Every structure is written in C-alpha cells, then in structure tokens.
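Let me begin by presenting the structure, written as structure tokens, before commenting on it.
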Amino acid sequence: MQKSLTGCRTLFPSYLSRTIMNSAPPAAFASSASSLQPSALTCTSLPPIHTYARSLQNHLHGKMFVSRADVIGNGSVSNPWPRCCPIHVKCVRQPQYKCIASAHLLFSSTSSSGGGGPTDSNPNDINTKLGKEHLVEEELEKEARELLRRATVTYMGSPCGTIAACDPNEANALNYDQVFIRDFVPSAIFFLLDGQPDIVRNFLLHTLQLQSWEKTVDCFSPGQGLMPASFKVHMVPREDGNGMEETLDPDFGEAAIGRVAPVDSGLWWIILLRAYGRCTGDLTLQTRVEVQTGIKMILKLCLEDGFDMFPTLLVTDGSCMIDRRMGIHGHPLEIQALFFSALRCAREMLRPGDELIKAINSRLIALSYHIREYFWLDMRKLNIIYRYKTEEYSNEAVNKFNIYPEQIPYWLVEWIPDQGGYFIGNLQPAHMDFRFFSLGNLWSVVCSLATQEQSDAILDLIEAKWTDLVGSMPLKICYPALEDKEWKIITGSDPKNTPWSYHNGGSWPTLLWQLTVAATKMKREGIARRAVEMAEKRLSKDKWPEYYDIRTGKFIGKQSRLYQTWTIAGYLVAKQLLRNPQAHDILTFDEDNDALLVETRSILQAANPKRRRGGTTAPKPPTTPI
C-alpha cells in the first residue's frame, strides 16, 4: 500500500548534500516528527532552483520513506501509518505549507556544508553527481523488483511464495523451482516493507497447513511440529476425474541431499510471523487457534527434554543454511541465534498465561548466559583459553569444557583484532569451532542474544577484517575455509564445498540483508551502505548469482545458480532499510540489562551443586523477560 503526500512540499535550501538519500538524517530530521518551517526552506517550484529541482523531483519520486506522519499540509493526513509502510512523496506546484513529518533526507546549507555542496549557479553538479549514480540505482532496483515478480508462485489464484531461482537459461532446475522457507524470508521482508503483505500471509498459512502432513523417512516419522524445508505447486488430476487441480507438495528433508531435517524452517516461520504482525499491525493472524497451535508444536519440538546437558539445541550437520556436511553438527551458532530469536518472538505472540511461557523464559535465561559466556571470543578471552589448565575435575573448574589450548589455530592468533570479537561457530566437550560464521553472529546482534558491547564488537570485527569477510563481494558465509586434510576429513572431500567455495568460505550476497538489519539496529548504517554499494557494482552484471568463489569473492561460483531469488530479495531489503532504518524493529529485540543482571545471578546460584547438598533447594531462575 502506497500513500502519496500531495498536500505537502518537502522543500530544499539552495545547497544540497552530495550524499542525499545515502546518509542517515541529522538530529533535526530524526525518526521522531520534526517541524519544518517555511522560512527555513525554499519551494522547489520557484525559479531560483527550478533547474535541478526537476532532477531531484524525478530522482526522489518514490524514493522518500517517512516512518511517521501526524500533520501534513492542510491536515489531510492526521493518523500515523504502520512504521514500515512506504509513503511516496510526490512533487507538485503548491504554496508553502508547514510540514510536520519525519523524512530520511540529509539537508545541508551554506553554514553546515562548509561550501562543499553544489551551488545555484552550477546545477549540473546535481545532475552529474546525483543523477547518474541514482539513475543506475533506480534501474538496478527496477530490475530486481521485476525479477522478484517473475519468481513469485501462485496457488489457487493467490501468490504464496517465491521459488529459489528463476534462470530462464537453466534446463535442469533440480529443487531450485521450489519455495524454500529460509529462502523466502528476505522476499517476505521486502514484500512487507513494500506494502504487499498478502503474499506473506498466504505463505504463513499454507506452510502451517503443511506442518501437520504425515512425514516418513524409511518407515520413521519425525516430530509432528516439523516445518517443511520447501514446497512445490503441482497439478494433479481431480478425484472425480474432471480436470486438474493444484496441490502443494512439501519436502521435509526426505528428498533433500543427505536427508537432513530442516531445523531452521520452524524458527524462521515464527520470526516471520512476528514480523508480519509488527509491520502490518494485523495481530489477528497470530491469535488464530491454528496459528497458536502451530507455534506450540514447533516449540515443543525444540524444548523437548533429551540427554543434552546444555540449553543449546543439539542438531546434526546440514540442518540450516549450511545444508551440507561442514562440521557444524552439535550446537552451531546459527541455530542457537535463530532459536533464541524464535523463543522471544513466540513469547510475545502466545496468549498471556500460556503454559509454555514459563518454559520459554527459563530456556531464554539459560541460553543467553551460555552463549554470551562460553561462545564469546575476543583477544582477552583468547588469552584466557591460551592459559587454560586441563583435566579439571571439580565444581570450580575454569575450563568447564576441557578445551586444550593446542586447539587454538595459528591463523586465529594473528587474525583476531585488538578491538572486536565474535561468537565462535560451535562448542562441545573438548572442541571449539573457532570459525567466524556470518549469519549466526549477525542474527545474534539482531535478536540481542549478544549484549550491546558484544554487538558493537562484532561489527567492529567486520570493519577491521573487511578484506577477509567482505572482499570483492559481501559476505563470507564463514571464515576461514577448510583446506587440505581438514577439508577431506570434515567435508568428506565434498566437490561442491571445495576451499573458498559455496558453504566453505564462499561469498553470499543474500547476507546483505542480515548485515543491514544488524547495522541499522546498532545505528551503524555506514557498514551496510558500504557493502551494498560494493554489491551494486556487480550483481546485475553477473546475473544475480547465488554465491561467489575464491578468497576475495571475485569469481562467480562454479556451480552458482543465476537469478537467485534470495540474492535479489536480500539486496532489495537492504536498500529499503537504508532508506528507512527504523523499519528494522519488525525483526529486532532490545536488551533488558537490569533484568539480565538479576537472571544471570540466579542462574549462577542455581547451577552451583554445593547449594543443593545441604538439603536446601536451589533457587529457581526467575521468569523476568529478557
């Protein structure tokens, strides 16, 4: 849904910033409503600057996003719209109005620009510097939108998702002609930000129906709450024999390479359900009985008691975005970050007083402490590990997981910066996976699994190691790659995951959107903007590949599919968020530091076995929300 502001003129002073539309707004034009007085502005319909006003009019039309509007022009608009709803600004010849609105636009004047902006006497500066660059961006986004439209799948006459790739020159589609839950997430976020929520609603309901389907692999049925990895629309004969009808054919992993269950599908589904409600304001979907039941089925599958001693989810290799053997079995960071995020989303959406909320709170407390304490790695923590004593058998052991200092790889000692840090990829008894996994770390920032300090440190590390993690194309899925004997042993000599290719250190442009969500949440949009500008130089020319190869990411992947949908959607989401940074809150959570301190103290008390030997009952962790 798009709304035009025809009663209001957003007016410009005589000097315009070179970085217009590419910079965060100054304090005067922050996301809260600001009052723009006519005396401080010059109407663009007046002669003095009409020459390049037209250029800006053409350039800005459909590009301005307002996160909230109270009074515009003659008062024709008086109610706030959903925060992520785009409001298109249309340039018209009208008298000056007092405008109360919030617009993401950087103004500069003679006093603030230091004379560096273009002048009235040289309007060609605007046409040259802004016009050409933004014309290219407009064409790129226009192309991406059209490709996303072509990838859209309909079921019973309504759009229900996007296929994984839509390359007209590829004869063998394999399973890239299916709608994957994890792949559709960036498409769904774009549709929400673009005012097209119906396709997201349809997707959520259709996949919910598939959740209850019978699933069998070699006579064994997995848990009932499992969400499919993907589905495909098929035409089948009607039961009465009169013609054909459409049906959805789901894949729960029984047809996937390696026959691995998609653990992340249900977690992404819950995250997307919350995003839909926050963006549209429509909470009726998440309160429906069948939707509440679907949430509970996923949670019960994740919260079920087992043999594990840790609050993290125990999964096998290939159960997430890295869906091939890459040595991530155990407690991979990506799954833990999505698990934490899904728990917080579910707690927000479940009916008050639901029996699962207590279990969710307990798990959130334990999980956040475990990840922040034991997965975190920076220079200080690395030095502690370097000095670890081993074979400690006591309740006061410092080296709780019996990690041998000899495990510290040579590359890490020189690589980790003095300022910055990250969550390691995996942690098990006597094993730490020191690789940097981008999605897990970025989503830890998004959902506040990482503390404020840790979140900043993760982004500091990305900036410090830009050449390694971004290179020529953002963003490395993991760093570094497994090579030589490690590659042979851990991947089984996987020919698709050769060093610096695919999941083994390949560069995935779709990660742009997660990077942008994390950066906008932390108010460090410059990181995302730098990555997006780099990607814009190649994505269209390279036909929107799935991934890039070699250490620097210069080569299109050996087996990379072209016109990959989540590459396209990831770019579009990143552009939307850079225009309207406040829209990140449909996905993000804030950290509650006061509650965290109380909960952490209680966990440490409850976890001390000595407090239970004297016959006293250990205190239970409180259920204060994080």
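When segment 192-223 is examined, which residues are found to be of a type in the set (S, T, N, Q), in contact with a Pro (Cβ under 9 Å, 6 or more places away or on another chain) and at pLDDT below 95? Working first, answer last.
Residues of segment 192-223 of a type in the set (S, T, N, Q): 196, 202, 207, 209, 211-212, 216, 221.
With in contact with a Pro (Cβ under 9 Å, 6 or more places away or on another chain) added as a condition, the list becomes 196, 202, 207, 211, 216.
Those that are of a type in the set (S, T, N, Q), in contact with a Pro (Cβ under 9 Å, 6 or more places away or on another chain) and at pLDDT below 95: 211, 216.
Results for (1) of a type in the set (Lys, Arg); (2) modelled with pLDDT of 95 or more; (3) in contact with a helix residue (DSSP H, G or I) (Cβ under 9 Å, 6 or more places away or on another chain); (4) surrounded by fewer than 24 Cβ atoms within 10 Å (Cβ to Cβ), shown as yes or no for each residue.
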{"site": "525", "(1), (2), (3), (4)": "no, yes, yes, yes"}
{"site": "530", "(1), (2), (3), (4)": "yes, yes, yes, yes"}
{"site": "534", "(1), (2), (3), (4)": "no, yes, no, yes"}
{"site": "541", "(1), (2), (3), (4)": "yes, yes, no, yes"}
{"site": "544", "(1), (2), (3), (4)": "no, yes, yes, no"}
{"site": "554", "(1), (2), (3), (4)": "yes, yes, no, yes"}
{"site": "563", "(1), (2), (3), (4)": "no, yes, yes, yes"}
{"site": "566", "(1), (2), (3), (4)": "no, yes, yes, no"}
{"site": "569", "(1), (2), (3), (4)": "no, yes, yes, no"}
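Run down 337, 342 and say which single residue is farther than 20 Å from residue 207 by Cα, aliphatic (A, V, I, L, M) and either in contact with a strand residue (DSSP E or B) (Cβ under 6 Å, 6 or more places away or on another chain) or touching a residue at least 40 places away in the same chain (Cβ under 8 Å) (or both).
Values: 342 fails: farther than 20 Å from residue 207 by Cα.
The match here is 337.
Would you mind stating whether residue 511 is over 19 Å from residue 410 (Cα atoms), in a helix (DSSP H, G or I) and either of a type in the set (Gly, Ala, Ser) or in contact with a strand residue (DSSP E or B) (Cβ under 9 Å, 6 or more places away or on another chain) (or both)?
Details: over 19 Å from residue 410 (Cα atoms): yes; in a helix (DSSP H, G or I): yes; either of a type in the set (Gly, Ala, Ser) or in contact with a strand residue (DSSP E or B) (Cβ under 9 Å, 6 or more places away or on another chain) (or both): yes.
In short, yes.
Consider residue 470 carefully, then state whether it is under 22 Å from residue 507 (Cα atoms), under 28 Å from the mean Cα position of the chain (by Cα) and outside the structural domain of residue 556 (by TED's automatic domain parsing). Spell out how you get there, then give the answer.
On the way: under 22 Å from residue 507 (Cα atoms): yes; under 28 Å from the mean Cα position of the chain (by Cα): yes; outside the structural domain of residue 556 (by TED's automatic domain parsing): no.
No.
List pairs: first in segment 487-498 and within 18 Å of residue 316 (Cβ to Cβ) and assigned by TED's automatic domain parsing to the domain that holds residue 546, second among the basic types (Lys, Arg) and crowded, with 17+ Cβ neighbours inside 10 Å, Cβ under 8 Å, 6+ apart or cross-chain?
Every condition considered, the pairs that remain are 490/325; 491/324; 491/325; 492/325; 494/324; 494/325; 497/324; 497/325.
Between a first residue in segment 257-271 that is at pLDDT 95 or above and a second residue that is part of a helix (DSSP H, G or I) and of a type in the set (Ser, Thr, Tyr), which pairs have beta carbons less than 7 Å apart while being 6 or more apart in sequence or on different chains?
Every condition considered, the pairs that remain are 269/207; 271/341.
State whether one or more residues within segment 332-348 are closer than 26 Å to residue 212 by Cβ, modelled with pLDDT under 95, buried (at least 17 other Cβ atoms within 10 Å of the Cβ) and within 26 Å of the chain's Cα centre (by Cα).
no
Name the residue, out of 288, 274, 278, that is surrounded by fewer than 16 Cβ atoms within 10 Å (Cβ to Cβ), charged (D, E, K, R), at pLDDT 95 or above and assigned by TED's automatic domain parsing to the domain that holds residue 161. Show your work before the answer.
Details: 274 fails: surrounded by fewer than 16 Cβ atoms within 10 Å (Cβ to Cβ); 278 fails: surrounded by fewer than 16 Cβ atoms within 10 Å (Cβ to Cβ).
None of the other options fit; the residue is 288.
Considering 418, 484, 456, which residue is outside the structural domain of residue 267 (by TED's automatic domain parsing) and crowded, with 17+ Cβ neighbours inside 10 Å? Give the derivation first.
Numbers: 418 fails: crowded, with 17+ Cβ neighbours inside 10 Å; 484 fails: crowded, with 17+ Cβ neighbours inside 10 Å.
One residue alone meets the criteria, 456.
Pick from 388, 369, 374, 393: which is free of Cβ contacts under 8 Å to residues at least 60 places away in the same chain and under 31 Å from the mean Cα position of the chain (by Cα)?
Numbers: 388 fails: under 31 Å from the mean Cα position of the chain (by Cα); 369 fails: free of Cβ contacts under 8 Å to residues at least 60 places away in the same chain; 393 fails: under 31 Å from the mean Cα position of the chain (by Cα).
Answer to the selection: 374.
Report every pair of residues separated by at least 6 positions or lying on different chains whose Cβ atoms are under 6 Å apart, first residue within segment 308-333 and on the phi > 0 side of the Ramachandran plot, second assigned to a loop (DSSP other than H, G, I, E, B) and hydrophobic (A, V, I, L, M, F, W, C).
Here the result reads 318/260, each pair linking segment 308-333 to a residue that is assigned to a loop (DSSP other than H, G, I, E, B) and hydrophobic (A, V, I, L, M, F, W, C).
Here's the yes/no breakdown for (1) out of contact with any Cys (no Cβ under 7 Å at 6 or more places or on another chain); (2) within 25 Å of residue 561 (Cα to Cα):
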position	(1), (2)
180	yes, yes
191	yes, yes
202	no, no
238	yes, no
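Output the qualifying pairs, or none if there are none: Cβ atoms under 9 angstrom, residues six or more apart or on different chains, first residue in segment 133-144 and surrounded by fewer than 16 Cβ atoms within 10 Å (Cβ to Cβ), second residue of a type in the set (D, E, K, R) and not in a helix (DSSP H, G or I).
138/63
How about segment 79-188: which strands (runs of 3 or more DSSP E) wholly inside it have at least 2 residues that are at pLDDT below 50 and touching a helix residue (DSSP H, G or I) at 6+ places or on another chain (Cβ under 8 Å)? Quick ask: steps written out before the conclusion?
On the way: elements: 99-103, 152-155, 158-162.
So the answer is 99-103.
Would you list the strands (runs of 3 or more DSSP E) that sit entirely within segment 396-471 and hold 2 or more residues that are in contact with a helix residue (DSSP H, G or I) (Cβ under 8 Å, 6 or more places away or on another chain), without any contact (Cβ under 8 Å) to a residue 24 or more places away in the chain and closer than 23 Å to residue 483 by Cα?
Details: elements: 421-423, 426-428, 431-433.
Of the strands (runs of 3 or more DSSP E) lying wholly inside segment 396-471, none has at least 2 residues that are in contact with a helix residue (DSSP H, G or I) (Cβ under 8 Å, 6 or more places away or on another chain), without any contact (Cβ under 8 Å) to a residue 24 or more places away in the chain and closer than 23 Å to residue 483 by Cα.
Which of the residues belonging to segment 268-316 are under 19 Å from residue 182 (Cβ atoms), part of a loop (DSSP other than H, G, I, E, B) and under 22 Å from the mean Cα position of the chain (by Cα)?
313, the sole residue that qualifies.
The values are calculated or read from the model by the stated rules, or taken from the named source; none is laboratory data. Please read these numbers as outputs of a predicted model, since none were measured by experiment. Positions of Cβ are backbone-derived with ideal geometry, glycine not excepted, and every protein chain shown enters the neighbour counts.
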